[in-house]
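Peer 1: Below you will find the structure I want to go over with you.
The values are calculated or read from the model by the stated rules, or taken from the named source; none is laboratory data. Please read all numbers here as calculations on a predicted model, not as lab measurements. Note that each Cβ is placed from the backbone with ideal geometry, even for glycine, and that neighbours are counted across all protein chains shown. When the accessible area is computed, the model is the full protein with side chains, heavy atoms only, and any ligands, DNA or RNA have been set aside. Shrake-Rupley method; radii C 1.70, N 1.55, O 1.52, S 1.80 Å.
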Amino acid sequence: MNTVASLSLLPHLLIKPSFACFSRKGLGRYGGIKVYAVLREDGAEFAKNNNLEALFHVDDPGPRVPIKKGKFLDVNEALEVVRFDIQYCGWRARQDLLTIMVLHNKVVEVLNPLAREFKSIETLRKELAELQEELAKAHNQVHLSETRVSSALDKLAHMETLVNDRLLPGGASSTSTAESTSLVPSTSSTTQVRPKKQPRRSLNVSGPVKPYNPSLKNFWYPVAFSRDLKDDTMVPIDCFEEQWVIFRGKDGRPGCVQNTCAHRACPLHLGSVNEGRIQCPYHGWEYSTDGKCEKMPSTNMLNVRIQSLPCFEQEGMVWIWPGNDPPKATIPSLLPPSGFTVHAEIVMELPVEHGLLLDNLLDLAHAPFTHTSTFAKGWSVPSLVKFLTPASGLQGYWDPYPIDMEFRPPCMVLSTIGISKPGKLEGKSTQQCSTHLHQLHVCLPSSRNKTRLLYRMSLDFAPWLKHIPFMHLLWSHFAEKVLNEDLRLVLGQQERMINGANVWNWPVSYDKLGIRYRLWRDAVERGSDRLPFSNQAEISGS
């Protein structure tokens with residue numbers, strides 16, 4: 001097993017070989033591993049100098065990758081070990097049942113009238129006694145297998161609790177948790193000492209949405225697609241409870257100004273664009289992209305200016321900086337990977353807070369239950385859904401779905417889906433898939449109960465689809481249908497959240513990326529100098 005970098009906030013899992021874990025006539029001797037959870041940064045040294053009891057014990061039914069003494073597992077690998085334990089228990093249970101069936105056939109064979117004619121009574125008694133003894137052992141083994149399965153499931157739940165307690169705020173616990181928790185190895189006894197349940201940790205996302213923290217504004221935000229901004233058109237937007245309008249100046253570059261005339265507070269987007277200036281429809285005052293009023297019909301010219309925002313155009317999108325601090329962050333690239341062709345760019349206004357929408361987009365485990373009439377139609381429900389990600393990242397990949405996903409601050413979600421044909425997944429990872437669909441979701445916080453969603457869809461196959469007339473209408477219809485499946489649920493969440501319910505009350509392992517987004521956002525709103533899950537951060541995860 002390869003060495004994995006130590007985790008500063010999650011359990012260090014030290015593994016060591018154990019032997020002679022199980023022995024049975026006809027099956028030979030098997031090896032296994034014992035796993036210890038050390039909730040300390042100096043996990044390896046601590047485990048070495050202390051007599052720790054095993055958190056769980058896994059029998060090994062066959063040769064696998066050799067496990068070297070003193071190495072570390074990250075939490076995902078530890079969960080895999082527990083899953084292996086459960087799979088092994090299922091294999092053992094099937095073997096036990098097969099043994100009983102074989103012994104039953106032997107009993108029938110011994111009691112067969114034709115067989116009795118060639119055997120003495122004493123021989124039959126001896127054979128029946130041996131078979132009865134073997135049957136009794138087999139039945140005991142079945143009961144032991146049932147206990148093992150129950151124990152393994154308890155261990156899996158316990159491991160997930162450890163993971164979630166370390167991911168969530170206030171989840172730090174002392175090393176005594178690992179030292180005092182003891183599970184009797186499943187191969188040694190049917191009596192199990194179950195771990196004492198620790199208080200469940202949760203995020204607190206409840207109550208009416210508070211006004212946005214100014215720190216959340218200090219990022220570049222994409223607000224429109226370039227193709228929607230013509231030389232003579234305007235795009236009105238709401239951003240952080242404020243109203244703005246975007247238009248192109250004389251030089252063709254986009255600008256963003258306050259959507260309110262300085263004269264009588266008339267909405268400027270109701271007017272028109274003349275020679276690179278936006279004209280108020282009330283009295284004809286005209287403003288340039290920097291907010292300066294350059295024309296005042298029917299009166300003497302005054303020095304008047306309305307508020308403007310830094311505005312920039314890159315890779316087919318218009319960006320603004322709504323923060324109070326001078327722009328310092330770089331604009332990230334949102335283009336699809338090489339080889340993809342953009343097929344649809346769609347803008348929607350949704351009546352939900354943008355954080356709830358991001359929570360939804362960062363969650364894939366809901367798809368087989370929510371999107372049963374669209375892209376997830378026919379998807380099976382796996383026994384375990386995982387999101388695997390680096391310790392210091394906001395991106396990773398889903399298992400068992402062939403989908404890569406990333407949260408890109410401050411409000412973007414990118415995903416690449418491996419498909420064989422529309423609506424059908426193929427392979428266990430995106431690398432194993434021959435064709436792919438790439439999606440970009442931008443969730444602009446318009447207000448506390450409204451989100452401006454920018455959606456871009458790209459394919460690395462069938463580029464000719466882009467040239468079919470009215471194809472964009474079909475993509476728009478499908479995108480709206482998918483979002484409506486989510487929207488009815490998220491609106492229900494929002495209603496209950498406003499009334500005091502916590503929408504993150506019981507997070508589980510597949511909520512990892514959503515949890516990290518929430519922790520990142522909390523750190524931004526607290527004004528933290530070092531944001532979590534970035535290359536510079538010291539916070540790490542599984």
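Peer 1: For the list (1) over 22 Å from Arg516 (Cα atoms); (2) surrounded by 19 or more Cβ atoms within 10 Å (Cβ to Cβ); (3) touching a residue at least 24 places away in the same chain (Cβ under 8 Å), I need the number of the one condition that Leu437 fails.
Peer 2: With respect to (1) over 22 Å from Arg516 (Cα atoms); (2) surrounded by 19 or more Cβ atoms within 10 Å (Cβ to Cβ); (3) touching a residue at least 24 places away in the same chain (Cβ under 8 Å), Leu437 is out only on (3).
Peer 1: Out of the stretch 386-414, which residues are within 30 Å of Lys328 (Cα to Cα), open to solvent by less than 10 Å² (accessible area, probe 1.4 Å) and modelled with pLDDT of 90 or more?
Peer 2: Within the stretch 386-414, Phe407, Pro410, Cys411, Met412, Val413 qualify.
Peer 1: Ser298 - would you say it is closer than 16 Å to Thr260 by Cβ and not assigned by the TED database to the domain that holds Met471?
Peer 2: Considered against the rule, which asks whether it is closer than 16 Å to Thr260 by Cβ and not assigned by the TED database to the domain that holds Met471, Ser298 comes out as no.
Peer 1: Another question, if that's okay. Restricting to the stretch 501-536, name every residue that is in a helix (DSSP H, G or I) and of a type in the set (Lys, Arg).
Peer 2: Selection gives Lys512, Arg516, Arg518, Arg521.
Peer 1: Being under 22 Å from Arg452 (Cβ atoms) and under 37 Å from the mean Cα position of the chain (by Cα): is that true of Pro267 here?
Peer 2: No: the conditions fail for Pro267.
Peer 1: Yes or no: the stretch 451-458 includes at least one residue that is of a type in the set (Gly, Ala, Ser) and surrounded by fewer than 18 Cβ atoms within 10 Å (Cβ to Cβ).
Peer 2: no
Peer 1: Taking Asn274 as meeting all but one of (1) surrounded by fewer than 20 Cβ atoms within 10 Å (Cβ to Cβ); (2) modelled with pLDDT of 95 or more, write down the number of the exception.
Peer 2: (2)
Peer 1: Which pairs do you get when a residue that is touching a residue at least 40 places away in the same chain (Cβ under 8 Å) and farther than 20 Å from Gln431 by Cα, found in the stretch 380-400, comes within reach of a residue that is open to solvent by 40 Å² or more (accessible area, probe 1.4 Å) and in a loop (DSSP other than H, G, I, E, B), reach meaning Cβ atoms under 8 angstrom, with the pair 6+ apart or on two chains?
Peer 2: Ala391/Ala5; Ser392/Asn535; Ser392/Ile539
Peer 1: Would you confirm whether any residue within the stretch 505-514 is touching a residue at least 12 places away in the same chain (Cβ under 8 Å), open to solvent by less than 80 Å² (accessible area, probe 1.4 Å), touching a helix residue (DSSP H, G or I) at 6+ places or on another chain (Cβ under 8 Å) and under 23 Å from Phe240 (Cα atoms)?
Peer 2: Yes; the residues of the stretch 505-514 include at least one that is touching a residue at least 12 places away in the same chain (Cβ under 8 Å), open to solvent by less than 80 Å² (accessible area, probe 1.4 Å), touching a helix residue (DSSP H, G or I) at 6+ places or on another chain (Cβ under 8 Å) and under 23 Å from Phe240 (Cα atoms).
Peer 1: Out of Ser333, Ser272, report the one residue that is within 25 Å of Met405 (Cβ to Cβ) and outside the structural domain of Tyr517 (by the TED database).
Peer 2: That would be Ser333, the only listed residue that is within 25 Å of Met405 (Cβ to Cβ) and outside the structural domain of Tyr517 (by the TED database).
Peer 1: For the stretch 207-257, which positions are open to solvent by 10 Å² or more (accessible area, probe 1.4 Å), within 18 Å of Gly316 (Cβ to Cβ), touching a residue at least 40 places away in the same chain (Cβ under 8 Å) and part of a loop (DSSP other than H, G, I, E, B)?
Peer 2: Trp220, Asp231, Thr233, Arg253
Peer 1: Ok, one more. So which of His472, His441 is modelled with pLDDT under 90 and closer than 20 Å to Ser226 by Cα?
Peer 2: His472
Peer 1: Looking at (1) open to solvent by less than 50 Å² (accessible area, probe 1.4 Å); (2) farther than 30 Å from Gly355 by Cα; (3) not in a strand (DSSP E or B), which one does Thr260 not meet, given that it meets all the others?
Peer 2: (2)
Peer 1: Let me ask you something else. Just one of Arg518, Arg488, Arg496 is under 26 Å from Trp398 (Cβ atoms), in the same structural domain as Phe375 (by the TED database), charged (D, E, K, R) and open to solvent by 30 Å² or more (accessible area, probe 1.4 Å); which is it?
Peer 2: Just one listed residue meets the conditions, Arg488.
Peer 1: Also, I was wondering about something else. Test each condition in (1) touching a Ser or Thr at 6+ places or on another chain (Cβ under 9 Å); (2) open to solvent by less than 60 Å² (accessible area, probe 1.4 Å) for Phe478 and report the one that comes out false.
Peer 2: (2)
Peer 1: Identify, from the list Pro332, Pro297, the residue that is in contact with a Gly (Cβ under 7 Å, 6 or more places away or on another chain) and either farther than 30 Å from Ala479 by Cα or open to solvent by 20 Å² or more (accessible area, probe 1.4 Å) (or both).
Peer 2: Pro297
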